[in-house]
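Quick notes on the structure that follows.
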Amino acid sequence: MLLIEQKRTIDIDFQRFERLLHQIALLANVSVRIMSLKGKTLVSANGTSDALCCDKQATEPERCRAESFNLFRYIEKSGKPALKTCHENLVMAGIPLKCNQEIVAVLCSCMKSEEGDPVSGMAEFLDEIANRISSEIQGQYEADNITQELSDKYEELNLIYDFGRNLGKIVTNEEAIQFIARQSQETLGSDMVMVSIPGMNINEVYCDHPERLPFDIKDTPLTSKIGEVILEKFISPGMQPSHIIVNDACDDMQLSHLFDVPVAMLAIPFKLKGSVNGFLSVINFDSKKGFETGDMRLLTSLAEQMSMAITNAELYQNLRDFLLSVIKTLVFSIEAKDSYTKGHSERVSALTMTIAGTMGLSPEEKDALQWAAILHDIGKIGVSEAVLTKPGKLTDEEFLHIKEHPEKGYRILMPIIQLKDSLDGIRHHHERFDGAGYPSGLKGKDIPLYSRIIAVADTYDAMTSKRSYRNKLSYEDSIAEIVRVKGKQLDPDVVDIFIKILEDNRPA
Amino acid sequence: MNGSDTGNAQKVLIVDDEPYVLRVLKMKLENSGYEVITAVNGKDGLKKFIGSRPSVVITDVRMPLMDGQEMYQMMQEHKDENKPFLVIMMTSTIDRALHLWAEKMENICFVEKPVSPRNVLNLVSQYISKLRNSNAVACPDALVFEEKV
């Protein structure tokens with residue numbers, strides 16, 4: 001059986017009926033108790049001995065036991081109250097106590113049937129009492145169910161709140177999946193979380209204590225195999241279950257065999273744009289910790305959130321890619337004015353990001369730096385083509401004109417609030433470390449970090465490309481030149497990082 | 001790890017004027033073997049605290065008659081020095097005033113509403129096991145005795 005709805009066991013505290021039974025016993029002068037169908041006394045008005053229904057007739061316990069056994073079998077079969085004469089003048093009465101149409105116990109009594117005094121009156125009275133007890137048990141059972149349901153809802157609500165608080169921080173698919181995996185592990189207290197979305201090349205196993213797992217989580221062929229088997233269950237035609245719960249090997253032989261050890265597993269299909277693309281699953285290697293319906297609902301909620309976060313992350317990524325392409329096109333069209341600088345901004349951007357990659361910048365800082373790098377020469381849109389492409393030496397006036405481009409770029413982009421962290425990087429990319437640069441003559445570390453990084457990338461790309469006034473420099477000459485201007489034109493720290501990157505990646 | 005490990009269930013007092021919160025937490029903790037006492041406001045809570053000496057008090061902040069903060073202070077005045085207890089406060093927002101107040105208090109922690117019953121249970125069992133371990137250091141014989149039982 002693949003799908004198992006966990007049924008809550010009916011756990012009733014019969015002790016609270018002790019007072020009631022005691023009062024009945026006093027009032028009617030009978031022995032009365034509540035027994036299980038197996039004949040165990042659960043609560044009694046007088047004494048706690050098992051098997052015997054009547055304390056007054058202890059002379060023939062074997063017979064009493066046999067008679068009550070028969071009575072209980074009859075009640076179990078018919079589901080109805082029964083009377084049975086067990087000894088001369090003695091009648092055994094048993095009335096089933098029910099919860100959810102199931103017999104949970106029997107209210108029993110032994111009474112004398114004297115001549116002309118049939119026990120029917122007493123039986124009716126007991127029947128009424130049994131009804132009251134049953135309805136109280138039923139009420140309690142329902143209240144417990146509702147409380148359990150409410151408790152599950154609290155859990156779910158808590159998860160959704162937590163997710164909402166963190167949604168803003170989730171930008172990439174990896175972040176979304178990691179967040180949900182951690183949540184699943186914490187909330188469901190599981191040993192291992194597995195997320196598989198083959199279409200996105202995701203087949204991840206998360207575990208706080210990999211050493212406790214019965215297999216190596218770096219064993220990729222094995223984890224992919226497990227992922228495939230589980231996913232197959234969700235996408236095979238006809239089946240398409242909403243969840244899979246495996247609490248012991250009998251539930252699903254195929255899945256259990258994958259692990260070699262007893263496992264409990266709960267898996268929920270993961271839907272993107274309406275169709276199943278993967279699954280989210282939690283696994284316990286301690287077979288005592290099985291999964292229940294409440295866990296299933298929680299994990300379903302987590303899977304839905306993951307789908308939402310991934311869709312969000314994709315939308316964000318798409319928008320960002322689109323914007324970047326538009327900006328690149330814009331930059332290309334400016335560079336098109338001068339065939340020598342074609343592709344310059346994109347190359348500078350790539351070099352800048354390579355340097356930034358080794359500098360421990362936050363994702364937000366990298367983002368701002370990337371925009372600054374790709375847009376650093378945008379101000380050249382305001383420089384005339386004749387000056388930009390002029391072969392040979394520029395006049396002082398022309399040179400001043402060109403030197404305006406960082407400030408122009410800064411002014412052009414100033415209204416774009418999303419670029420505010422990138423603006424200074426653009427404005428100061430022609431400052432010199434020794435303070436002799438432009439437009440502000442900033443010196444040393446007063447120059448914004450983004451500008452200092454872009455300056456190194458910009459200088460290197462300018463040297464390694466052909467210009468209208470000179471040919472491109474060789475690799476060795478460029479390095480020598482960069483080292484020569486280190487500390488004068490360029491930030492020595494950034495230069496050191498850059499040289500190291502170049503040497504590490506130097507083609508053999 | 002649960003409350004009935006030693007056979008002698010640990011007591012937890014839950015104070016809240018919302019009956020469904022009481023019900024949910026009571027069920028969750030009882031299922032793990034703790035003995036649960038409930039109260040519907042701070043005044044009631046204080047009375048039951050003195051009467052039962054629980055190891056953990058879980059309380060709402062805003063309640064009629066006596067709020068959670070006042071109750072906490074009264075509990076400190078009436079506590080039994082040999083019976084340490086943890087207070088878990090449930091609140092919808094931890095504002096600055098409450099934060100400053102809590103900084104000066106000891107053995108108190110906050111959970112945000114809507115509370116996760118699992119989370120509350122984890123806090124309770126973590127505290128109880130910490131309490132047991134510290135007892136074990138102070139009185140190693142008691143631990144051996146517990147194991148035999």
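The values are calculated or read from the model by the stated rules, or taken from the named source; none is laboratory data. None of these values were measured; they are calculated from a predicted model. Virtual Cβ from ideal backbone geometry, glycine too; neighbours counted across all protein chains shown. Accessible surface areas use protein heavy atoms only, side chains included; no ligands, DNA or RNA. Shrake-Rupley method; radii C 1.70, N 1.55, O 1.52, S 1.80 Å.
A simple spin-label model places the labels of residue A:208 and residue B:96 3.5 nm from each other, with each point 7 Å out along Cα-to-Cβ. For the pair the range B:82-100 / the range A:228-242, the C-alpha centres are spaced 47 Å from each other. Quick one: grab the alpha carbon gyration tensor of the range A:150-209, order the square roots of its eigenvalues as a ≥ b ≥ c, and give me rounded if a/c is under 1.5, else prolate or oblate depending on whether a/b is larger than b/c. Because a/c hits 1.5 or more and a/b fails to exceed b/c, the range A:150-209 counts as oblate. When +1 charges are put on Lys and Arg Cβ atoms and -1 charges on Asp and Glu Cβ atoms, the dipole computed for the range A:186-305 relative to its Cα centre reaches about 380 debye. Counts of other chain beta carbons within 10 angstrom of each beta carbon in peptide B:13-25 average 2. Where a ≥ b ≥ c are the square roots of the eigenvalues of the C-alpha gyration tensor, would you call the range B:1-97 rounded, which needs a/c under 1.5, or, failing that, prolate if a/b is larger than b/c, or oblate? It comes out oblate by the Cα gyration axes. Using C-alpha pairs below 8 Å separated by at least 6 residues, the relative contact order for the range B:11-148 is 21 percent. Relative to the current alpha-carbon distance between residue A:387 and residue A:320, full extension at 0.36 nm per residue lengthens the span by 20.7 nm. When A and B come together, around 1300 square angstrom of accessible surface is lost from both chains combined, probe 1.4 Å.
Around the Cα centre of the range B:1-132, unit charges on the Cβ atoms of Lys, Arg, Asp and Glu (plus for the first two, minus for the last two) sum to a dipole of about 280 debye. Against chain A, whose longest principal axis comes from its Cα atoms, helix A:18-28 is set at around 20 degrees.
Only one residue of B:122, B:9, B:51 has its Cα farthest out toward the positive end of the dipole of the range B:1-125, where Lys and Arg carry +1 and Asp and Glu -1 on Cβ, and that residue is B:9.
Taking the average, over residues, of other Cβ atoms within 10 Å as the packing measure, peptides A:391-398, A:218-225, B:32-39, A:141-148 rank B:32-39, A:141-148, A:218-225, A:391-398 from highest down. Length, then width, then depth: along the principal axes, the Cα atoms of the range A:61-130 run 39, 28, 16 Å. Counting Cβ atoms of other protein chains within 10 Å of each residue's Cβ and taking the mean over peptide A:180-187 gives 1. Have a look at A:459, A:201, A:374 and report the one farthest towards the positive end of the charge dipole of the protein assembly as shown, computed about the Cα centre with Cβ charges (Lys/Arg +1, Asp/Glu -1). Most positive-ward Cα: A:459. Accessible surface of chain A, 1.4 Å probe: 53 percent of it comes from carbon and sulfur atoms. Sorting A:496-506, A:32-42 by average packing, meaning the other beta carbons within 10 Å per residue, from highest down gives A:32-42, A:496-506.
Inter-label distance, residue B:79 to residue A:145: 4.3 nm, where each label sits 7 Å from its Cα along the C-beta direction.
Just going by the charge dipole of chain A, with Lys and Arg at +1 and Asp and Glu at -1 on Cβ, which of A:122, A:351, A:181 is farthest out on the positive end? The Cα lying farthest towards the positive end belongs to A:351.
In a reduced charge model with +1 at each Lys and Arg Cβ and -1 at each Asp and Glu Cβ, the protein assembly as shown shows a dipole moment near 1200 debye about its Cα centre. At a threshold of 10 Å², the residues of the range B:93-137 that become less accessible to a 1.4 Å probe in the full protein assembly than in their chain on its own are B:112, B:114, B:115, B:116, B:117, B:118. The angle between the Cα long axis of helix A:492-504 and the longest principal axis of the Cα atoms of chain A comes to about 80 degrees, rounded to the nearest 10. A 1.4 Å probe run over the protein assembly as shown, with the rest of the protein chains in place, finds 53 Å² accessible per residue.
The overall shape of chain A, judged from the alpha-carbon gyration tensor, is prolate: a/c is not under 1.5, and a/b is greater than b/c. Compute the angle between helix A:61-78 and the longest alpha-carbon principal axis of chain A, please, reported from 0 to 90 degrees and rounded to the nearest 10. On a 0 to 90 degree scale, this one is about 60.
Only lysines eight or more places from residue B:28 in sequence, or on another chain, were considered; those with a Cα closer than 21 Å are A:7, A:153, A:288, A:289, B:11, B:48, B:113, B:130. Highest average first, the peptides A:483-489, A:129-135 ordered by how many other beta carbon atoms sit within 10 Å of their residues are A:129-135, A:483-489. Averaged over peptide A:146-152, the number of partner chain Cβ atoms lying within 10 Å of each residue's Cβ comes to 5. In chain A, the calculated helix contribution to ellipticity at 222 nm averages -16500 deg cm²/dmol per residue, counting -39,500 (n - 2.57) for every DSSP H run with n ≥ 4.
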